[in-house]
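Worksheet: one structure, shown below.
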Amino acid sequence: YSKNNGISLFPPQAEGKKLGLVGWVQNTNRGTVQGQLQGPISKVRHMQEWLETQGSPKSHIDRASFNNEKAIAKLDYSDFQIVK
């Protein structure tokens, strides 16, 4: 976990915030992570690469898949959140 202004952040949330992305991330019951990223395409691609190659410090990444990509006129979120 990383810290941001004294608040513990889930590593993907911290990376998303660092990149200026908005959206959400969630651990699933299958031991995977799912979420939605929104922001400039270059930042989204950077986050995808981070998720594929680095991820959370204790994670084991077998594969990463990204789907439902589309251009949007405005952001649906104002922050990057952890969904429980």
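The values are calculated or read from the model by the stated rules, or taken from the named source; none is laboratory data. Model, not experiment: these values are computed from the prediction. For accessibility, only protein heavy atoms count, side chains too; no ligands or nucleic acids. Shrake-Rupley method; radii C 1.70, N 1.55, O 1.52, S 1.80 Å.
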Amide H to amide H, which residues 5 or more places from PHE80 or on other chains are under 5 Å from it, using H placed in the peptide plane? GLY23
In whole percents, the bins of 5 Å from zero upward hold the Cα-Cα pairs of the chain as 3, 14, 27, 28, 18, 8, 2, 0
Whenever you get a sec, compute what percent of the accessible area on the chain sits on carbon and sulfur atoms (1.4 Å probe). 48 percent
Mind checking the per residue accessible area of the chain for me, 1.4 Å probe, whole number of Å²? 75 Å²
